[in-house]
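Read-outs: derived from the displayed coordinates by stated rules, not from any lab. Since this is a predicted model, take the numbers as computed values, not measurements. Here the Cβ is made from the backbone with ideal geometry for all residues, glycine too, and neighbour counts use every protein chain on show.
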Amino acid sequence: MPSPSQALELENFLPYRLSILAQIVSESLHDLYAEPFGLTVTQWRVMAALGRFAPLTASDVGQRIVMDKVAVSRAVAGLMERGLVERATDRADRRRASLRLSARGRAMHARIVPIALGYEERLYKVLSAEERRSFDALTDRLFAHAGTLRQAGARTSRSALLDSEPPARSRS
């Protein structure tokens, strides 16, 4: 267990910092497409996943955008209601349905993508080309390692994690 003298400096805690950064970026981007296109954050994420990887099942979409199936299901229902997403039943397995953007959904996606990419470019402006490459490489490493830790966590008992001493923190 952490010692009582060891404080969690929330402002320096990586999971907190990543979460806050993601929230700020997500809200800022949402502000750009919400009013003109009438989409929620989750609906845009579903459309972005389908625009890149379709056809996908709803479960596949949830895994791609790391959202629970209830949120994905609601978003898909709203998108289908607006005629932006189509569902097709798998001929080989009638229980399985795949999703894809409709023609109207593809047209909307094509209009939002330049907005999203423009926002990304403006966000990256504070980094030099070398810093951007480093950031991308470090982010890739963190993604991979977080996935490894997540898998290990599923195999590790909760009590073993709670009983372990956290590593000493260093700030460079």
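Quick notes on this structure:
- Placing R0 at 25 angstrom, the Cβ-Cβ distance between A22 and E130 gives a FRET efficiency of 0.60 after rounding to 0.05.
- Dipole of the chain [Lys/Arg +1, Asp/Glu -1 at C-beta], most positive-end residue of A22, G83, A110: G83
- Largest to smallest principal axis extent of the C-alpha atoms in the chain, angstrom: 58, 42, 26
- Dipole magnitude of segment 11-113 about its Cα centre (Cβ charges: Lys, Arg +1; Asp, Glu -1), debye to nearest 20: 540
- Here each label is just a point 7 Å from Cα along the line to Cβ, and for R111 and L138 those points are 3.8 nm apart.
- Counting Cα-Cα pairs of segment 58-123 in 5 Å increments starting at 0 gives whole-percent bin shares of 4, 16, 18, 23, 21, 11, 4, 2, 1, 0.
- Highest-MSF residue in the chain out of L29, L99, L138 [GNM, Cα springs under 10 Å]: L138
- Remark: V76, V41, V46 ranked as V41, V76, V46, counting other beta-carbon atoms within 10 Å and listing the fewest first.
- Packing-based exposure ordering (other Cβ within 10 Å, fewest first) of M80, M67: M80, M67
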